[in-house]
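Taking it in order: structure first as structure tokens, then the write-up.
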Amino acid sequence: MVERGRESMQTSEGVDLSQALRRARREGLFESLREIYDSFPETECENCARCCFESPGLFFIEYLYQVDQLAREPGPRLELLVREALEELFFSWIEPDRPCLFLEDLRCTQYERRPLACRLFGLVAPADPVQAESEARLAARQEARRLKLLGIEVPEAIVQRSLASCDRVRDRNGNPARVDGDAMAARVARLDEALLPRQVVVEEFCFRSLPERVGAAMLGGEAIETMRIQLLRRAQRGEAVENLIEIIRKQVQLPPALGGKKGGR
Ligand code: SF4
Ligand code: SF4
């Protein structure tokens with residue numbers, strides 16, 4: 001199985017995670033990110049949590065912010081989150097009931113630091129909601145077809161679960177809440193540019209979920225897809241997901257920035 005260096009972890013953007021964290025703290029980038037978050041209007045909705053069916057994509061600075069905050073969590077809670085992140089990464093395509101790893105009892109356990117993607121949801125109306133919905137379904141259906149060719153059956157509930165938008169988010173006056181999503185995203189992307197080469201920010205649009213990023217930090221980005229297919233096949237043959245995750249967790253260690261030990265195992 002995969003072995004990784006322990007002292008420093010390369011992120012999927014190819015930079016050292018610990019160094020990037022230090023730089024973000026030193027340059028006040030987390031405070032700048034909080035200012036962007038705090039500039040959103042107060043809203044309310046029906047809190048059905050249907051939009052929390054998977055962990056959201058994060059800009060690079062948001063990932064660092066999450067790591068910075070998660071590193072303060074007690075060890076067992078962090079262990080649990082990492083395990084759930086790996087479960088989502090590998091098994092979300094066969095488990096229709098698995099939500100975002102921060103959703104507990106229909107509530108977001110990191111509401112105050114939820115990322116831009118969650119804050120924007122319902123505040124940016126698609127030009128054509130019906131088309132946006134069908135495009136979201138199309139992407140899921142294409143992935144389901146690809147996995148089927150590899151011998152993995154994706155439940156229809158998973159193809160149907162993605163939501164493109166929600167019209168039930170209201171501002172304090174009860175009106176549809178709106179923000180300029182592109183402008184908000186550009187503000188966060190500018191913080192990424194303080195940490196990454198501009199070309200990487202522009203071309204890669206560094207927007208991956210926490211499970212994807214934790215998985216890449218622990219296992220290496222190249223290994224993940226192959227492992228995912230192998231694990232999905234084993235799970236569909238009846239092996240318990242928790243046992244499969246345990247196999248991985250025994251062979252790799254947390255990045256030091258997420259509480260893993262420095263040096264060898
Ligand atoms: S934004 Fe919409 S889908 Fe998400 S929790 Fe609120 S009402 Fe439900
Ligand atoms: S981070 Fe919170 S708001 Fe965003 S998808 Fe997860 S549970 Fe929902």
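At a glance:
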read-out: Qualifying helices (runs of 4 or more DSSP H) (wholly inside the range 100-187; at least 2 residues being out of contact with any helix residue (DSSP H, G or I) (no Cβ under 6 Å at 6 or more places or on another chain) and exposed (fewer than 13 other Cβ atoms within 10 Å of the Cβ)); value: 129-149, 156-160
read-out: Complete set of residues in the range 124-168 that are within 16 Å of ligand 1 (Cβ to nearest atom), in contact with a Lys or Arg (Cβ under 9 Å, 6 or more places away or on another chain) and not polar (S, T, N, Q); value: V124, A125, R161, L163, A164, C166
read-out: Whichever residue in the range 82-99 is farther than 29 Å from S39 by Cα and assigned to a loop (DSSP other than H, G, I, E, B) and, among such residues, is farthest from ligand 2 (Cβ to nearest atom); value: I94
read-out: First in the range 68-84 and surrounded by 13 or more Cβ atoms within 10 Å (Cβ to Cβ), second anywhere and basic (K, R), Cβ under 6 Å, 6 or more apart; value: Q69/R113
read-out: Residue ID - surrounded by the fewest Cβ atoms within 10 Å (Cβ to Cβ), chosen from residues in the range 188-212 that are among the aliphatic types (A, V, I, L, M) and not in a helix (DSSP H, G or I); value: A194
read-out: Breaking point among (1) at pLDDT 95 or above; (2) more than 16 Å from ligand 1 (Cβ to nearest atom); (3) farther than 30 Å from E239 by Cβ, for R72; value: (1)
read-out: First in the range 35-48 and closer than 18 Å to G174 by Cα, second anywhere and within 16 Å of ligand 1 (Cβ to nearest atom) and not in a loop (DSSP other than H, G, I, E, B), Cβ under 6 Å, 6 or more apart; value: F40/R119; E44/R170
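The values are calculated or read from the model by the stated rules, or taken from the named source; none is laboratory data. Note that the structure is a prediction, hence the values are computed from the model and not measured. FYI the Cβ positions are ideal-geometry reconstructions off the backbone, even for glycines, and counts take in every protein chain you see.
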